[in-house]
Amino acid sequence: MIDKSAGIDESADEAPQTRIERLLTSLKAQGIADERLLHALEYTPRDLFVPDLFLDRSWEDSAIPINCGQTISQPYIVALMTQALKLEGRHRVLEIGTGSGYQTAILSRLVRYVYTIERYRSLMVEAETRHKRLMLENIIYRFGDGWEGWPEQAPFDRILVTAALPEEPLPLLAQLKNNGIMVGPQGRGSVQRLLRYTRKDDSYLTEDLGEVRFVPLIAGVAKEA
Ligand code: SAH
């Protein structure tokens, strides 16, 4: 039984559908209007991506810890970043930081191909297992350092970074098509700015989409026991 004495989740008794609807209502109230995106969020079971310990919080609008000291992003932030990418069905998208694979799954429902890179092999394998269960078959995985991008598959229509970039990501920007868009958090502290870069030939228009909190992007692949 879930101990509700701490008052963490007052909605724990509700039917899953009610919790999903509550989240969608909240996202719409915060400015998420893209119908295809709202549909993808509704039909991607977030409970499959969170650790058992946090199952009762699956449909809350909050980030949740996952293995390897990482986090599954807050649904509002997933929605905000996805909407900011202005995706089209024909797009090939590069994602840096697979993590739980939740954001990857949302992207996979909206575009032709998602190329996703993760520096923890175990996280990547777990995410792939979840995607197979959901029969998402347009995702290509790479265990590696996302800072370097994926030169063999470049250029991309869109790039999404889900870990905080320490500085302007020139190697990634170089892998963006002309008129392509890259979205990601940037900054060295615990709080960063969410930036959107739009490539115009050899220059980039930069927009600040607000304050966010992400785990840092770390160079190199992780050594696991
Ligand atoms: N979108 C994910 C967010 C996971 S947190 C989700 O919603 O679940 C960010 C992820 O970026 C972590 O899994 C972390 O290991 C990964 N990461 C950090 N630095 C990286 C790098 N240089 N290359 C690839 N992945 C990286």
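Can you tell me which residue is nearest to the ligand (Cβ to nearest atom) among those in segment 58-83 that are open to solvent by less than 10 Å² (accessible area, probe 1.4 Å) and in a helix (DSSP H, G or I)?
As a first pass, look at segment 58-83 and keep what is open to solvent by less than 10 Å² (accessible area, probe 1.4 Å): 58, 64, 72, 75, 78-79, 81-82.
Within this subset, residues satisfying the condition of being in a helix (DSSP H, G or I) are 75, 78-79, 81-82.
Working: 75: 9, 78: 6, 79: 12, 81: 9, 82: 11 Å.
Within segment 58-83, the match that is nearest to the ligand (Cβ to nearest atom) is 78.
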Condition check: without any contact (Cβ under 8 Å) to a residue 60 or more places away in the chain, over 18 Å from residue 124 (Cα atoms) and of a type in the set (Lys, Arg). Does residue 57 satisfy that?
yes
Could you check how many residues of segment 204-225 are at pLDDT below 95 and more than 16 Å from the ligand (Cβ to nearest atom)?
0
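Mind listing just one residue for me: the one in segment 173-201 that is polar (S, T, N, Q) and within 17 Å of the chain's Cα centre (by Cα) and, of those, least open to solvent (accessible area, probe 1.4 Å)? So that I can check it myself, show each step before the final result.
The first filter runs over segment 173-201 and keeps only residues polar (S, T, N, Q), leaving 175, 178-179, 186, 190, 192, 198.
Then drop every residue that is not within 17 Å of the chain's Cα centre (by Cα), which leaves 186, 192.
Working: 186: 36, 192: 5 Å².
Filtering segment 173-201 for residues that are polar (S, T, N, Q) and within 17 Å of the chain's Cα centre (by Cα), the one least open to solvent (accessible area, probe 1.4 Å) comes out as 192.
For segment 35-50, state whether one or more residues are among the basic types (Lys, Arg) and either outside any helix (DSSP H, G or I) or more than 14 Å from the ligand (Cβ to nearest atom) (or both).
Our first condition is that a residue be among the basic types (Lys, Arg); within segment 35-50, this holds for 36, 46.
Next cut, either outside any helix (DSSP H, G or I) or more than 14 Å from the ligand (Cβ to nearest atom) (or both) only: 36.
Yes: segment 35-50 contains one or more residues that are among the basic types (Lys, Arg) and either outside any helix (DSSP H, G or I) or more than 14 Å from the ligand (Cβ to nearest atom) (or both).
Tell me, which residue of segment 148-163 that is within 20 Å of residue 73 (Cα to Cα) and either open to solvent by less than 10 Å² (accessible area, probe 1.4 Å) or touching a Cys at 6+ places or on another chain (Cβ under 8 Å) (or both) is farthest from the ligand (Cβ to nearest atom)?
Start the filter on segment 148-163 by keeping residues that are within 20 Å of residue 73 (Cα to Cα), which leaves 158-163.
Those still in the list that are either open to solvent by less than 10 Å² (accessible area, probe 1.4 Å) or touching a Cys at 6+ places or on another chain (Cβ under 8 Å) (or both) too: 159-161.
Values: 159: 12, 160: 8, 161: 8 Å.
Out of the qualifying residues, it is 159.
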Residue count for segment 103-117, restricted to those that are part of a strand (DSSP E or B) and within 12 Å of the chain's Cα centre (by Cα)
3
Residues (open to solvent by 60 Å² or more (accessible area, probe 1.4 Å) and away from the ligand (no atom under 11 Å from the Cβ)) located in segment 130-147
132, 133, 135, 137
Unmet criterion (only one of (1) open to solvent by 10 Å² or more (accessible area, probe 1.4 Å); (2) within 8 Å of the ligand (Cβ to nearest atom); (3) outside any helix (DSSP H, G or I)) for residue 95
(1)
Restricting attention to segment 99-129, and to residues there that are open to solvent by 10 Å² or more (accessible area, probe 1.4 Å) and touching a Cys at 6+ places or on another chain (Cβ under 8 Å), which single residue is nearest to the ligand (Cβ to nearest atom)?
120
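The values are calculated or read from the model by the stated rules, or taken from the named source; none is laboratory data. What you are looking at is a predicted structure, and each value in this text was computed from that prediction instead of being measured. Reconstructed Cβ throughout: ideal geometry from the backbone, glycine too, with neighbour counts over all protein chains shown. Just so you know, the surface numbers come from the protein's heavy atoms only, side chains and all, with ligands and any DNA or RNA stripped out. Shrake-Rupley method; radii C 1.70, N 1.55, O 1.52, S 1.80 Å.
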